[in-house]
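Step one of this worksheet: look at the structure below.
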Protein chains: 2
Amino acid sequence: MSDACRAELLAIGSEILLGQIHNAHARFISAELAKHGLYVYHHVAVGDNEARIQAAYQTAVTRSNVVIVTGGLGPTVDDLTKEALAAFLARKLVLSNEALAQLETYFAHRQRKMPEENRKQAYCIEGGELIPNPNGTAPGQYIFAKNVHFFLLPGPPLEMQPMLRDYVLPKLLDVFGGSQALVSRILHFCGIGESDVDEQVRDLTASANPTVAPLAGEGEMLLRITATAGSEEAAKAKIAPIEADIRRRFGSYIYGVDDDTLPTVVGRMLEEQRATIGVAESCTGGMLAAMFTDIPGSSAYFLGGIVAYDNHVKEALLGVPANVLETKGAVSEETAKAMAEGVRSRLQSTYGIGITGIAGPGGGTADKPVGLVFVAVADASGTEVFRLQYRVSRQQVRLRTCKQALWRLLNRMQQHAPEIGNSP
Amino acid sequence: MSDACRAELLAIGSEILLGQIHNAHARFISAELAKHGLYVYHHVAVGDNEARIQAAYQTAVTRSNVVIVTGGLGPTVDDLTKEALAAFLARKLVLSNEALAQLETYFAHRQRKMPEENRKQAYCIEGGELIPNPNGTAPGQYIFAKNVHFFLLPGPPLEMQPMLRDYVLPKLLDVFGGSQALVSRILHFCGIGESDVDEQVRDLTASANPTVAPLAGEGEMLLRITATAGSEEAAKAKIAPIEADIRRRFGSYIYGVDDDTLPTVVGRMLEEQRATIGVAESCTGGMLAAMFTDIPGSSAYFLGGIVAYDNHVKEALLGVPANVLETKGAVSEETAKAMAEGVRSRLQSTYGIGITGIAGPGGGTADKPVGLVFVAVADASGTEVFRLQYRVSRQQVRLRTCKQALWRLLNRMQQHAPEIGNSP
């Protein structure tokens, strides 16, 4: 079969149609297939209604040659995915002794007797195959019928995702193996506006292969370079010169690639420098510390933080002088500087960060409007303070401030250690 | 027209089909419509391809009487939503002077000349209406044709959402006004396992109207009670006795309703008690402080926090005795207690919380496995310490620990409320 993959994703579940949960599977499966050059042309979601599920199969077979269905494989009477497909294909459901044995083992391992209703999950569509599910009770099903490869997968993500990777993707690559490889590389920017990036890459975004597309992030921006070619290596070779060109244009505004985040890149460089960090936060209120400590192993460089929300705390725990707070105010260049230096000396860390600002929605004045933030970065050679002004929501002010602080720290580390942290 | 609403949501955008973004609109619009008893039966997403968009319209008109389309109204040649609908309906696109004037005003306010390509956005499908967009350049469109109410809305959520609420919903309620009201009430649980709740409400989940359905949250669980009736008031009256019944069964395990979160409920009670809080965090690393400070106005009760990741910081900033750290270890009941008491005395807060644990994936031992956490709550009357043991990921350990800490604090405040009423 030399046909190209035309996949359709069908999510079953009334909770999706009622807006109670996202159809998150559609994104995950699409991204996994795209990595392998397998194209998805339709996403559909319908509720737990047999007539509408059957109609969705009918529509799908007129336009797609792969249909991946998620959800509706549970033991209850609401779970109709398999039953609807059997009816649509006019096939019987037959008890699989293998599936029944697996189900019984699953419950036995949990010291429980298998409830009678779970027996329904051991039935397989005649002529189909079971897809093993090591993480739950619902086996998946595969069947090729009406010139369509149907895959039925359970709804819980931790069950569905391994089954997709271990069974569905290998099967699809086997069937559509001759298709093109599609490779993406994502460049992460900070410290530069989206429109500035857009303008400076306009000549590249016109290109058809590789494509260069801006993606909006929160407090940062991303450019995605995507190439298709006969092999993964060939696609990567198409991307390399474009990436080099973009790096020449933007230099240190590009802080990472693909799955990099500011905290992981900063953490990596701190480890390389055998340096440590302490943070003093007012308006971000612990968010920057939480970003650092979200990373496993961050205890190697992250010593701690002081969330100085109250002015008394800024004085008592960070040593911000009372007269600075009085004359310059809690939101001032001087307070940010004293916070960064205070946390650095109290924690005896290589670097100290101080953040103070007005996240809003209240608390602004004519002089110091909502969205005004000062970020200070201190090390042995001195302290730099950056004044930022945002016009976004409280959540966005906080998040963007944390990212700016990380990016400023990264720049500082790069300046002070040119011999160590070179990008790959 | 007494027909009931059978809505279909159609999202246009190749980035959705490539798995780069969630189709988040589908959830938002579904939830908004459900609140008003307007049912959505299909979600569909297709890429920026005119033939597939037209085919999606064709499928939609055979089964739906309302089609809400999002995305593809921008100024570029990739934006085809409107063009495809005009072609599908065999209607012309006509320049709207009103829309053009609005566009020019939009750019003038931003001190920019309108780019020529934006002119495309001022065209309207013949016989349709423009839907004003106060937050962007793309006006929406409404047209009734082929017995279907079509609404075209722009993709950016901050543009789409107000247009849905201000234009689409009123129009739908006008057309389908006689339909049933659907009202949901969500109860939030903490401190009790999902299976325990399930078991104790099994008799209620069999009911058809109101329905009672468990929803899984992260580190908490939710029960949704949903009733349909001729009016919103009648639906609420159906919910009330069921809610009272559930509250009798679970007492303080229910901490809030609907949009309540643990931080907002705790914050509200701290304000009522005129009490203050300080937190000392090790394994949660600032996350609990960030949850408090995420709430506007939290400076009224949240004084600050100390993120004591390093043992030196636990000693120096929180006064955890060196011999406790040596003999009992950083992850111990004694250290959690000293942290809670230390932060409370240093910040002079009514309540102090101390958290220490092993979030993983590394750092566990046979005695102290990954997922072991101690949470201490201190006030003037003493300190309680809770031992928790999780078997989940690092992120989940951290998040669930924060929620447990908030719930334990809430219980403490409820017990002590009469005496503490006017402290400190």
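Looking at residue A:94, is it without any contact (Cβ under 8 Å) to a residue 40 or more places away in the chain and on the phi < 0 side of the Ramachandran plot?
Details: without any contact (Cβ under 8 Å) to a residue 40 or more places away in the chain: yes; on the phi < 0 side of the Ramachandran plot: yes.
For residue A:94, the condition - without any contact (Cβ under 8 Å) to a residue 40 or more places away in the chain and on the phi < 0 side of the Ramachandran plot - is met.
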Return the pair list, or none, for Cβ contacts closer than 6 Å from residues in segment B:265-276 that are in contact (Cβ under 8 Å) with a residue 40 or more places away in the chain to residues that are in a loop (DSSP other than H, G, I, E, B), at least 6 apart or on different chains. B:270/B:301; B:275/B:350; B:276/B:301; B:276/B:349; B:276/B:350
Any chance residue B:245 is closer than 30 Å to residue A:286 by Cα and either more than 12 Å from chain A (Cβ to nearest Cβ) or open to solvent by 50 Å² or more (accessible area, probe 1.4 Å) (or both): no
Within segment B:152-180, residues among the aliphatic types (A, V, I, L, M) and in a helix (DSSP H, G or I) come out as B:158, B:160, B:163, B:164, B:168, B:169, B:172, B:173, B:175
Restricting to segment B:312-326, name every residue that is open to solvent by less than 50 Å² (accessible area, probe 1.4 Å) and either farther than 17 Å from residue A:349 by Cβ or part of a loop (DSSP other than H, G, I, E, B) (or both). B:319, B:320, B:322, B:324, B:325
Conditions first: (1) within 31 Å of the chain's Cα centre (by Cα); (2) open to solvent by 30 Å² or more (accessible area, probe 1.4 Å); (3) in contact (Cβ under 8 Å) with a residue 60 or more places away in the chain. Residue B:153 passes all but one, so which condition is the exception? (2)
In segment A:197-229, anything open to solvent by less than 70 Å² (accessible area, probe 1.4 Å) and more than 16 Å from residue A:254 (Cβ to Cβ) is listed as A:205, A:207, A:209, A:210, A:211, A:218, A:226, A:227, A:228, A:229
Do we find that residue A:294 is within 25 Å of the chain's Cα centre (by Cα), among the acidic types (Asp, Glu) and within 23 Å of residue A:349 (Cα to Cα) in this structure? yes
Just checking, does segment A:373-380 include any residue being more than 23 Å from residue A:267 (Cβ to Cβ), touching a Lys or Arg at 6+ places or on another chain (Cβ under 9 Å) and within 13 Å of chain B (Cβ to nearest Cβ)? no
Condition first: small (Gly, Ala, Ser), open to solvent by less than 10 Å² (accessible area, probe 1.4 Å) and more than 10 Å from residue A:307 (Cα to Cα). Now tell me which residues in segment A:277-292 satisfy that. A:278
Please state which one of A:8, A:15 is more than 22 Å from the chain's Cα centre (by Cα) and over 19 Å from residue A:64 (Cα atoms). A:15
Do we find a residue being within 14 Å of chain A (Cβ to nearest Cβ) and of a type in the set (D, E, K, R) anywhere in segment B:80-99? no
Would you mind telling me which numbered condition in (1) touching a strand residue (DSSP E or B) at 6+ places or on another chain (Cβ under 6 Å); (2) more than 28 Å from residue B:291 (Cβ to Cβ); (3) away from every other protein chain (no Cβ under 14 Å) residue B:228 fails? (3)
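So, in segment A:293-304, how many residues would count as being open to solvent by less than 10 Å² (accessible area, probe 1.4 Å), under 13 Å from residue A:263 (Cβ atoms) and facing chain B (nearest Cβ under 7 Å)? Reasoning before the result, please.
Step one: filter segment A:293-304 for residues open to solvent by less than 10 Å² (accessible area, probe 1.4 Å), giving A:293, A:298, A:301-302, A:304.
In the following step, the residues that additionally are under 13 Å from residue A:263 (Cβ atoms) were identified as A:293, A:298, A:301-302.
Narrowing further to those that are facing chain B (nearest Cβ under 7 Å): A:293, A:302.
Residues that pass the stated criteria total 2.
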Tell me, which strands (runs of 3 or more DSSP E) wholly within segment B:327-424 include 1 or more residues that are open to solvent by less than 50 Å² (accessible area, probe 1.4 Å) and in contact with a Gly (Cβ under 6 Å, 6 or more places away or on another chain)? B:351-357, B:372-379
With segment A:2-62 as the region, which helices (runs of 4 or more DSSP H) entirely inside it contain at least 2 residues that are more than 10 Å from chain B (Cβ to nearest Cβ) and crowded, with 18+ Cβ neighbours inside 10 Å? A:50-61
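Checking the condition modelled with pLDDT of 90 or more and open to solvent by 30 Å² or more (accessible area, probe 1.4 Å), which residue from B:122, B:87, B:145 passes?
One residue alone meets the criteria, B:87.
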If I filter segment A:380-403 for residues that are on the phi > 0 side of the Ramachandran plot and either out of contact with any Ser or Thr (no Cβ under 9 Å at 6 or more places or on another chain) or among the basic types (Lys, Arg) (or both), do I get at least one hit? yes
Unmet requirement for residue B:187, which otherwise passes all of (1) away from every other protein chain (no Cβ under 14 Å); (2) touching a strand residue (DSSP E or B) at 6+ places or on another chain (Cβ under 6 Å); (3) assigned to a helix (DSSP H, G or I): (3)
Pairs under 9 Å by beta carbon, first residue closer than 18 Å to residue A:105 by Cα and assigned to a loop (DSSP other than H, G, I, E, B) in segment A:118-137, partner modelled with pLDDT of 90 or more and open to solvent by 70 Å² or more (accessible area, probe 1.4 Å), six or more apart or different chains? A:132/A:166; A:134/A:166
Out of (1) of a type in the set (Ser, Thr, Tyr); (2) within 26 Å of the chain's Cα centre (by Cα); (3) at pLDDT below 95, the one residue B:301 does not meet is (3)
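Restricting segment A:257-271 to residues that are open to solvent by 40 Å² or more (accessible area, probe 1.4 Å) and modelled with pLDDT of 95 or more, which is nearest to residue A:345 (Cα to Cα)? So that I can check it myself, show each step before the final result.
As a first pass, look at segment A:257-271 and keep what is open to solvent by 40 Å² or more (accessible area, probe 1.4 Å): A:258-259, A:261, A:264, A:268, A:271.
So of that shortlist, the ones also modelled with pLDDT of 95 or more come out as A:264, A:268, A:271.
Numbers: A:264: 24, A:268: 23, A:271: 20 Å.
So the residue we want is A:271.
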Could you check residue A:390 against (1) more than 9 Å from chain B (Cβ to nearest Cβ); (2) under 30 Å from residue B:394 (Cβ atoms); (3) among the aromatic types (Phe, Trp, Tyr) and say which number it fails? (2)
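The values are calculated or read from the model by the stated rules, or taken from the named source; none is laboratory data. Computed from a predicted model, the values in this text were never measured in an experiment. All Cβ positions, glycine included, derive from the backbone under ideal geometry; neighbour counts span all protein chains shown. With ligands, DNA and RNA removed, areas are computed over all heavy atoms of the protein, side chains included. Shrake-Rupley method; radii C 1.70, N 1.55, O 1.52, S 1.80 Å.
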